[in-house]
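Take a look at the following structure, please.
The values are calculated or read from the model by the stated rules, or taken from the named source; none is laboratory data. Quantities reported herein were computed from a predicted structural model and do not represent experimental measurements. Backbone-built Cβ (ideal geometry, glycine too); neighbour counts: all protein chains shown.
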Amino acid sequence: MTIAIFLGCLILAIVIGIPIAYALILVGVALMLHIDFFNAQIVSQNMILAVDNFLLLAIPFFILAGELMNSGGLSKRIINVAMAFLSHRKGGLGYVAIASALVLASLSGSAIADSAALAAIIVPMMRQARYPDGQSVGLLAAGGVIAPVIPPSIAFVVYGSVASVSISEMFLAGIVPGLLMGASLFIAWKIVSLRSELEVGERAPAIARWDALRKGFPALLMPVIIIGGLRTGIFTPTEASVIACAYAFVVGKLIYRELTWEALYTCLLNAAVTSAAVLFLIGASSVSGWLITTANMPATILAIAEPLMDSPQLLVGLLIVITLLLGMVLDFTPLMLILMPIVVPLCQRAGIDLVYFGVLLIMAGALGMLTPPVGNVLNVVASVAGTRIDRVARGVLPFFFAELLVLLLLILVPGIVYFPLELLR
């Protein structure tokens, strides 16, 4: 009965258009009434305690770092470096988009910000070179969803704080899966470009490559500083987010000199609005999460899933399929926050490593941003590119399935995720 009330209230709230954050609070209140334990103070206390967490300070700072990076010219320099080295291949702009997406992902951790930046800069060049519109924009969307997987990832910070696992370990565990997602896009684009009549660009002379690399070096140094500092223990993930902001500001303002004071104000405003939305969601999810535990729902779900407890790999596969299906109708952050209080106890009972499962869960949720009808990244790139969403949805399919194969590989071969962790543990 508890599960029916939880799902019924959540689905009803979403169907009638209640914002997800308020829907989660409503679900918590419904569970309170069901167990005859209503207390308005519990709602406010849980919301305040959930966001009163030093680790969560990383969220607004990483979001601000992404804004500063785009306004300060770092994103543009990174794309210019990729252009200098990859644009001469057949379908070269596609490889430029993938390489740029990988580097940008290691700077901001925001799929929407990275996708919008890529689409704004690369789509006009692709159109000028007569690339197929749907597949080009679909590739940019698929590249954008690498951002939640490669560190520093805002999603990893949220998961680590809610599931009480090491964020540093989450960051390390995401490196290889993120790179594999990029590699799968390279292969998929290679197949697509061979079947298309795409122009072959001119090879940039050595002096032009050196000039692009020289100008882009300060931007390319940022992920080295962040990941290197985390790996060596010089600073924590929260401190890394502050360093990322400071570095992006210094480079954009003093080196590239593209970050104006007006742009800085806009960056601060955008980061504040986005951070407030994310943190309010975290607070709201803590209400329903606390009531889920109080109503003993995990025990009920454990009883239902008992036959799968002896087969952790099958259980992981089932949970990932559920995440992919829910990702079609729920946005990324609410999806993660709704699922975590339910699936984390299941993984603990089955002996599944929470860091490993967190990487898979976030990958599955990220792929949900490519699937209609919600598909936030899909909608963002279509809007920025001025392309119909149905064309982008068809164009993204080969790249979506390529990244889906990577997810399947990680389920079948967990050691791929564990390998970097062995360097830390």
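Does Arg77 fit the bill of being touching a strand residue (DSSP E or B) at 6+ places or on another chain (Cβ under 9 Å), in contact (Cβ under 8 Å) with a residue 12 or more places away in the chain and within 30 Å of Ala129 (Cβ to Cβ)? Reasoning before the result, please.
Working: touching a strand residue (DSSP E or B) at 6+ places or on another chain (Cβ under 9 Å): no; in contact (Cβ under 8 Å) with a residue 12 or more places away in the chain: yes; within 30 Å of Ala129 (Cβ to Cβ): yes.
Judged against the criteria, Arg77 is not a match.
Which condition number in (1) of a type outside the set (D, E, K, R); (2) buried (at least 20 other Cβ atoms within 10 Å of the Cβ); (3) in contact with a Gly (Cβ under 6 Å, 6 or more places away or on another chain); (4) in contact (Cβ under 8 Å) with a residue 40 or more places away in the chain is the one that Leu86 fails?
(4)
Can I ask one more? Does Leu230 meet the test of being touching a Pro at 6+ places or on another chain (Cβ under 7 Å) and under 30 Å from Phe37 (Cα atoms)? Give the steps one after another, and end with the answer.
Working: touching a Pro at 6+ places or on another chain (Cβ under 7 Å): yes; under 30 Å from Phe37 (Cα atoms): no.
When the stated conditions are applied, Leu230 does not pass them.
When residues of the range 252-269 are filtered for being in a helix (DSSP H, G or I) and in contact (Cβ under 8 Å) with a residue 60 or more places away in the chain, how many remain?
Pass one, the range 252-269, residues in a helix (DSSP H, G or I): 252-255, 261-269.
Checking the rest, the ones that are also in contact (Cβ under 8 Å) with a residue 60 or more places away in the chain come to 252-253, 263-264, 266-268.
Count: 7.
Looking only at the range 304-363, how many residues end up being assigned to a helix (DSSP H, G or I) and without any contact (Cβ under 8 Å) to a residue 40 or more places away in the chain?
Qualifying residue count for the region: 14.
Please enumerate the residues belonging to the range 75-104 that are in a loop (DSSP other than H, G, I, E, B) and either touching a helix residue (DSSP H, G or I) at 6+ places or on another chain (Cβ under 7 Å) or at pLDDT 80 or above (or both). Write out each step before concluding.
Going residue by residue through the range 75-104, those that are in a loop (DSSP other than H, G, I, E, B) are 87-89, 91.
Ser87, Arg89, Gly91, listed by residue number.
Shifting gears a bit: Residues of the range 119-137 being under 24 Å from the mean Cα position of the chain (by Cα), within 19 Å of Ala393 (Cα to Cα) and without any contact (Cβ under 8 Å) to a residue 60 or more places away in the chain, which ones?
Residue satisfying the conditions is Ile122 alone.
I'm trying to understand the selection: among the residues of the range 8-21, which are more than 14 Å from Asp331 (Cβ to Cβ) and in contact (Cβ under 8 Å) with a residue 60 or more places away in the chain?
none
What pairs come up if the first residue lies in the range 55-70 and is touching a residue at least 12 places away in the same chain (Cβ under 8 Å) and over 21 Å from Ile122 (Cβ atoms), the second is outside any helix (DSSP H, G or I) and of a type in the set (Ser, Thr, Tyr), and their beta carbons are under 7 Å apart, counting only those six or more places apart or on different chains?
Partner pairs satisfying both residue conditions: Phe62/Ser108; Ile63/Ser110; Ala65/Ser108.
Given the residues Gly368, Gly395, which is the only one that is small (Gly, Ala, Ser), over 26 Å from Leu315 (Cα atoms) and touching a Gly at 6+ places or on another chain (Cβ under 6 Å)?
Working: Gly368 fails: over 26 Å from Leu315 (Cα atoms).
Exactly one residue qualifies, and that residue is Gly395.
Can you name every residue in the range 364-376 that is surrounded by fewer than 22 Cβ atoms within 10 Å (Cβ to Cβ), in a loop (DSSP other than H, G, I, E, B) and touching a helix residue (DSSP H, G or I) at 6+ places or on another chain (Cβ under 7 Å)?
Looking only at the range 364-376, we keep the residues that are surrounded by fewer than 22 Cβ atoms within 10 Å (Cβ to Cβ), and these are 371-374, 376.
Subset that is in a loop (DSSP other than H, G, I, E, B): 371-374.
Answer for the range 364-376, where residues must be surrounded by fewer than 22 Cβ atoms within 10 Å (Cβ to Cβ), in a loop (DSSP other than H, G, I, E, B) and touching a helix residue (DSSP H, G or I) at 6+ places or on another chain (Cβ under 7 Å): just Pro372.
How about the range 169-199: which of its residues are closer than 19 Å to Ala240 by Cβ and either of a type in the set (Asp, Glu) or surrounded by fewer than 21 Cβ atoms within 10 Å (Cβ to Cβ) (or both)?
First, pick out the residues of the range 169-199 that are closer than 19 Å to Ala240 by Cβ: 169-175, 178.
Selection gives Glu169, Ile175.
Out of all the residues in the range 409-423, which are part of a helix (DSSP H, G or I) and either surrounded by 13 or more Cβ atoms within 10 Å (Cβ to Cβ) or acidic (Asp, Glu) (or both)?
Our first condition is that a residue be part of a helix (DSSP H, G or I); within the range 409-423, this holds for 409-412, 415-422.
Within the range 409-423, Leu409, Leu410, Ile411, Ile416, Val417, Tyr418, Phe419, Pro420, Leu421, Glu422 qualify.
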